[in-house]
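Here is the structure we will look at.
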Amino acid sequence: MWRGLNRSRNSARDHKRKEAPAKTFHHSVYVILLDPAVLQHRSILRLNPNRDPAKPCVYVGMTGLAVQDRFQNHKKGEKSAWVVERCGLRLMPELYEYLNPMPFEAAAQMEKDLAEDLRAEGYTVAGGTQDRVPSLGPTTLAGLERSVSPNRRAMCDRRSSRQP
């Protein structure tokens, strides 16, 4: 008797699996208009050497949430980018809406591509993973080494030589 119940329960479960809809895409890229006050930050200017002063400052991001919810999280300070929390004004759906939704991998790449494209058009862009971890090549490292004062370098050397 139990065997028959188990069999019917399993067959119903298998039937549901077969009828499950195909995986839906729910990741999105988004663009947020930033207050021009963000231009006071040298880090933003450094990332946008060819910016067009007539074009706005924007932040490019990616999310698995609804874009409006992600914007609200930024403004509340929940997993937010500092530039959006302080300077974010509104979403700019005209720059991203036609791209969404998409799978995670495509959204991750699209975030970078969209930031690069907007930057090439003259927008001042923050986000897009460009400003998170700059790569330090040999030339940059040599420049950093020269820019550190001798006293600071000596202090760092003393700290690194004190191994427990």
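To one decimal place, what orientation-averaged projected area in nm² is obtained for the convex hull of the Cα set of the range 28-127? Present the calculation step by step, with values, prior to reporting the outcome.
Working: hull surface 23.1 nm².
Its Cα hull, projected and averaged over all orientations, spans 5.8 nm².
Near Asp117: Cβ cut-off under 13 Å, other residues only, Lys/Arg at +1 and Asp/Glu at -1. The net charge is -1.
Peptide packing for 27-36, 109-118 was compared via the average number of neighbouring C-beta atoms within 10 Å per residue; ordered from the highest value, the list is 27-36, 109-118.
Positive contributions from Lys and Arg (+1) and negative ones from Asp and Glu (-1), summed over other residues with Cβ under 12 Å from the Cβ of Val67, come out at 0.
How long is the gain from Asn50 to Leu89 if the chain were fully straight, where each residue apart is worth 0.36 nm and the alpha carbon distance is subtracted? Kindly include the intermediate steps, with their values, before the conclusion.
Working: separation 39, 0.36 × 39 = 14.04 nm, distance 2.31 nm.
Computed gain between Asn50 and Leu89 is 11.7 nm.
A short reminder: the numbers here are calculations on the coordinates, not readings from a lab. All of these numbers come straight from a predicted model, not from anything done at the bench. Neighbour counts are summed over all protein chains in view; Cβ atoms, including those assigned to glycine, are modelled from backbone coordinates with ideal geometry.
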